[in-house]
Amino acid sequence: MTARRFRLSRAAPLLGVLLTVAACSGSPETDSGPAQATPAPSGSVAAVCDKEPAGPAAAPAGAVVVDPAVPGDLAAKTRSAGPGTTFWLKPGKHILGGDKYDQVSPKDGDVYIGAPGAIVDGRKINQYAFTGHAANVKITYLTVQGFAAPHDEGVVNHDSGDGWAIEHSTIQDNDGAGLMAGARQQVRGNCLRRNGQYGMNAYSGSTPLTALVVEGNEIAGNNTGDWEAKIDGCGCSGGIKFWQVDGADVRGNWVHDNHGTGLWADTNNNDFLIEGNLIENNDSAALIYEISYNAIIRDNTIRKNNWVDGRRYADKGDNFPTSAIYISESGGEPRVKARTAKIDISRNYLENNWSGITLWENADRYCNSPANTSSGDCTRLVRNVKQCSAPAITTGPLLADCRWKTQNVDIHDNKFVLDPAVVGCQASCGRMGLLSNFGTYPDWSPYKGDAVQEAITFKQDNRWHDNSYAGPWTFIGYAADRVLEIGEWEGSPYSQDTGSTYTAQGGG
């Protein structure tokens, strides 16, 4: 696949079972250092790593038996069998061969079932485990580890075949992405951990993925390669990255301790339901929804995220509200078909993150602009990015439709808790943000000046209301240098958080 490099869109300094986790389970850290490895929480949660159910101890009727004592047996028997074959991998370590391109290429409808202790190991020799464009492949009860996929590529379903189901499997300690995704893919009850770039990279080229389900997985410790440090501003790391996914249910997952963002939807995603997840202790944001459309984000527990990045920006004097939920050039758009026509953020519990929720729109980022780091992409409302140029972009529908807008975002009935002693912050934390930058370039831009700052703050129906706050919260409105107290945030001209309540002390 072609490498795609993106960055966060700031131009300035820069779903299974639902979780039933006690909001204050565990003992919070009291030092100011990065969060330590997260213990399994109490309650019903997708703590599946090292606890996966065992596969069948004997081969199912009619299954082809794969022998770990025969190198390459899995790939060879896949080649010789017809489509729709079931393979049962005996206990032990299965290897694919000594060439980096030794791999398994399933046929339509193939099923791979692991016996207890069945491991497919790339030994850091093979790049990919399961490849090709076959449809409706199923992988279950397997451990897949030690593959050396290149940057921006993946190990399981490398070519984003449609209709795959990956269940009760452990995909760990690989380079690149542990797992890629195709349309109608079901990812349920898996352990996706310690992969070099992503736990999963949901990307399949120019055709949007549809009907993706990510449910009941533990997604932990990914981006061991620290890709944001290797490629400055690449936006190419985290627990899961979603690209151009049209319809996704992400529910009941435990997303924790990833070296970057937990869940990141970037570039023309639409119609997401993100509910009932526990997202905690990720170095960057718990959730980023970027240049995308129409989402429901509800009933999630989100805690202790963005301590690493938040402290980094604070230490260098960057006043941007680094948040747990970051909505960047994304909003509700009724012309893009989805189960909602807004971004609805409700009934979430956010505790001791560096900050709360930030709504941002980069005035200099739009189709055909040099500041659009998703270069070559345009909004879902404009077919050809070249249309978005002067003079056509200065009037009519293109003036509006060439921008990804942070609009129609409804933030309500959430609880925000902050104890600065737990987070270890003295300033630049405990903030909500509703802001943009002053538009400056290119010369032909019709969005220069304060036009976008005015729009996102006052004209695009972005609302906080009926929330509950505990702790010393402040608010940033319009521009990064405007820090507002509660009364200013609630009063004219911002008129935010009608019906919300406040208590001075944080704590669970």
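Summary table
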| quantity | calculated |
| --- | --- |
| Odd one out for residue 441 among (1) modelled with pLDDT under 95; (2) crowded, with 19+ Cβ neighbours inside 10 Å; (3) among the aromatic types (Phe, Trp, Tyr) | (2) |
| Whichever residue in region 327-364 is outside any strand (DSSP E or B) and charged (D, E, K, R) and, among such residues, is nearest to the chain's Cα centre (by Cα) | 329 |
| Candidates 69, 81, 75 - the one that is aliphatic (A, V, I, L, M) and surrounded by fewer than 15 Cβ atoms within 10 Å (Cβ to Cβ) | 69 |
| Evaluation of residue 399 against (1) part of a loop (DSSP other than H, G, I, E, B); (2) under 18 Å from residue 459 (Cβ atoms); (3) hydrophobic (A, V, I, L, M, F, W, C); (4) open to solvent by 20 Å² or more (accessible area, probe 1.4 Å) (one fails), failing number | (1) |
| Of all residues making up region 368-381, the number that are modelled with pLDDT of 95 or more and open to solvent by less than 30 Å² (accessible area, probe 1.4 Å) | 1 |
| Test: residue in region 317-326 that is open to solvent by 20 Å² or more (accessible area, probe 1.4 Å), over 18 Å from the mean Cα position of the chain (by Cα) and either modelled with pLDDT under 95 or basic (Lys, Arg) (or both) | yes |
| Output for region 137-158, where each listed residue is more than 23 Å from residue 241 (Cβ to Cβ) and either surrounded by fewer than 18 Cβ atoms within 10 Å (Cβ to Cβ) or among the charged types (D, E, K, R) (or both) | 138 |
| Scan of region 411-435 for residues that are open to solvent by 20 Å² or more (accessible area, probe 1.4 Å) and touching an Asp or Glu at 6+ places or on another chain (Cβ under 9 Å), ordered by number | 412, 413, 415, 419, 424, 428 |
| Qualifying residue in region 228-239 (condition: open to solvent by less than 10 Å² (accessible area, probe 1.4 Å) and not in a loop (DSSP other than H, G, I, E, B)) | yes |
| Criterion: farther than 27 Å from residue 269 by Cβ and either aliphatic (A, V, I, L, M) or at pLDDT below 95 (or both) - qualifying residue of 137, 144, 120 | 120 |
| Considering residues of region 463-508 that are under 29 Å from the mean Cα position of the chain (by Cα) and of a type in the set (A, V, I, L, M) only, the residue farthest from residue 327 (Cα to Cα) | 470 |
| Residue 149 more than 26 Å from residue 260 (Cβ to Cβ) and touching a Gly at 6+ places or on another chain (Cβ under 6 Å) | no |
| Options 74, 89; residue that is more than 18 Å from residue 168 (Cβ to Cβ), modelled with pLDDT of 95 or more and among the hydrophobic types (A, V, I, L, M, F, W, C) | 74 |
| Contacts under 7 angstrom Cβ, first residue in region 49-66 being over 27 Å from residue 194 (Cβ atoms), partner open to solvent by 40 Å² or more (accessible area, probe 1.4 Å) and not in a strand (DSSP E or B), 6 or more apart | 57/116; 64/77; 65/59; 65/90 |
| Listing of strands (runs of 3 or more DSSP E) fully contained in region 187-227 that carry 3 or more residues being modelled with pLDDT of 95 or more and open to solvent by 10 Å² or more (accessible area, probe 1.4 Å) | 209-215 |
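The values are calculated or read from the model by the stated rules, or taken from the named source; none is laboratory data. Bear in mind that the values here come from a model prediction, so they are computed numbers and not experimental data. Cβ coordinates were reconstructed from backbone atoms using ideal geometry, including for glycine residues, and neighbour counts include every protein chain displayed. Only protein heavy atoms, including side chains, enter the accessible area calculation; ligands, DNA and RNA are left aside. Shrake-Rupley method; radii C 1.70, N 1.55, O 1.52, S 1.80 Å.
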